[in-house]
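Comments concern the structure below.
The values are calculated or read from the model by the stated rules, or taken from the named source; none is laboratory data. For clarity, every value in this text was computed on a predicted model and none was experimentally measured. Positions of Cβ are generated from backbone atoms using ideal geometry, with glycine treated the same way; all protein chains shown enter the neighbour counts.
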Amino acid sequence: MNKLKLKRALQIGITGALLAAGWAQAQTVSEVEVNHPIYQAQKLQFSTDSLTIEGVLGRVSGLAIDDLDFYAFHGQAGDVVTIDIDGAQGGLRSFDSYIGVYQATPGFTLLRANDDAASIDPGSISRLDSRIDNFRLPATGNYVVLVSNYPRYPLSGGGVANPGGVQNGDYKLVISGVTPEIMQINIDIKPGSTGLAPINPRAKGKIPVALLSSQNFNALSADPASLTFGASGNEGSLSHCGKSGEDVNGDGQLDLVCHFENQDANFEKGDLEGILRGRTNTGTAFEGRGLLKIVPEKRGS
Ligand SMILES: [Ca+2]
Ligand SMILES: [Ca+2]
Ligand SMILES: [Ca+2]
Ligand SMILES: [Ca+2]
């Protein structure tokens, strides 16, 4: 290995280690208008617990125009969430941000709002950038964040006070502490077997599991390297996945059949289901559960 290659390998190794340790760079998405009024909030998809949105309130040059930016996310009861504006001061065009967070139902109740942060943080040069610290979500469900500007402070229902007081500028909105929502998918353990999939925990073979495509899930987007399957769903039991899709359940959509090492799946007497977990190649977490029955050891099963 020459020096350059060695350096590359080290970099890849370090990046891998950082990723494994959860030090991955926060996921970044761009604002997509039209994200107002509140019921047209842009939906955010968390694949890790932190997401950065690059947005512009109004525009970065010319006369300021009327704009409000709403972002919706799904969180779990007890998530401790920080909602932080960076770069609204000192960006392409500075504005004095004002943010709010709403519980979506019932009726977009304003839960917290902030004009100026309690302290400077690494992404901000001024306390005028808003920040809501350590906000504990009261329930599992949908929440909406509003990015507005002083003096247009948020009101319950999604409106703002002083609607004429528009300022414009670019910002980064960093939302962290949100438990990623897990997409539920359908799986079929031992496709083709009639009734409950028979599993013999002591057998040496592999268990085929079909990831079934649906309207919301393309099984071929699953990242095979991410797949775990077994009694708890966290077992690193993957052997391999089919190179191409096959329509296992005859619904006209291609499914993905993957094979897992039976003995690594850790099934035992009394287990009633197998759990599969993984991520799509765009980072969306998914989970599927399939029914099974544990059968006694038999020669050749
Ligand atoms: Ca905007
Ligand atoms: Ca907007
Ligand atoms: Ca900040
Ligand atoms: Ca402010």
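Based on what the data block shows, is residue 200 in contact (Cβ under 8 Å) with a residue 12 or more places away in the chain and either crowded, with 16+ Cβ neighbours inside 10 Å or over 30 Å from residue 31 (Cβ atoms) (or both)? Yes: the conditions hold for residue 200. Among the residues of the stretch 41-57, are any farther than 25 Å from residue 133 by Cβ, near ligand 1 (Cβ under 10 Å from one of its atoms) and not small (Gly, Ala, Ser)? No: the stretch 41-57 contains no residue that is farther than 25 Å from residue 133 by Cβ, near ligand 1 (Cβ under 10 Å from one of its atoms) and not small (Gly, Ala, Ser). Can you find even one residue in the stretch 70-85 that is in the same structural domain as residue 157 (by TED's automatic domain parsing), within 16 Å of ligand 1 (Cβ to nearest atom), under 23 Å from residue 165 (Cβ atoms) and among the acidic types (Asp, Glu)? No; the residues of the stretch 70-85 include none that is in the same structural domain as residue 157 (by TED's automatic domain parsing), within 16 Å of ligand 1 (Cβ to nearest atom), under 23 Å from residue 165 (Cβ atoms) and among the acidic types (Asp, Glu). Once the stretch 24-82 is narrowed to residues that are acidic (Asp, Glu) and more than 16 Å from ligand 2 (Cβ to nearest atom), the residue that is surrounded by the fewest Cβ atoms within 10 Å (Cβ to Cβ) is 49.
Condition (residue is outside the structural domain of residue 268 (by TED's automatic domain parsing) and either surrounded by fewer than 18 Cβ atoms within 10 Å (Cβ to Cβ) or in contact with a helix residue (DSSP H, G or I) (Cβ under 7 Å, 6 or more places away or on another chain) (or both)) applied to the stretch 212-219: is it met by at least one residue? Taking every residue of the stretch 212-219 in turn, none turns out to be outside the structural domain of residue 268 (by TED's automatic domain parsing) and either surrounded by fewer than 18 Cβ atoms within 10 Å (Cβ to Cβ) or in contact with a helix residue (DSSP H, G or I) (Cβ under 7 Å, 6 or more places away or on another chain) (or both). Among the residues of the stretch 124-141, is there at least one that is in contact (Cβ under 8 Å) with a residue 60 or more places away in the chain and either outside any loop (DSSP other than H, G, I, E, B) or within 16 Å of ligand 3 (Cβ to nearest atom) (or both)? Yes, the stretch 124-141 has at least one match. Give the residue that is nearest to ligand 4 (Cβ to nearest atom), with candidates limited to residues of the stretch 35-67 that are closer than 25 Å to residue 109 by Cβ and aliphatic (A, V, I, L, M). Among those residues, the one meeting the criterion is 57. The residues listed here are 272, 292, 276; of these, the one that is touching a Leu at 6+ places or on another chain (Cβ under 6 Å), modelled with pLDDT of 95 or more and among the hydrophobic types (A, V, I, L, M, F, W, C) is 292. The single condition among (1) touching a residue at least 40 places away in the same chain (Cβ under 8 Å); (2) assigned by TED's automatic domain parsing to the domain that holds residue 278 that residue 168 does not meet is (2). Would a scan of the stretch 28-46 turn up a residue that is under 22 Å from residue 141 (Cβ atoms) and either free of Cβ contacts under 8 Å to residues at least 24 places away in the same chain or touching a Lys or Arg at 6+ places or on another chain (Cβ under 9 Å) (or both)? Scanning the stretch 28-46, I find no residue that is under 22 Å from residue 141 (Cβ atoms) and either free of Cβ contacts under 8 Å to residues at least 24 places away in the same chain or touching a Lys or Arg at 6+ places or on another chain (Cβ under 9 Å) (or both), so the answer is no. Restricting attention to the stretch 26-64, the residues that are assigned to a loop (DSSP other than H, G, I, E, B) and among the polar types (S, T, N, Q) add up to 5.
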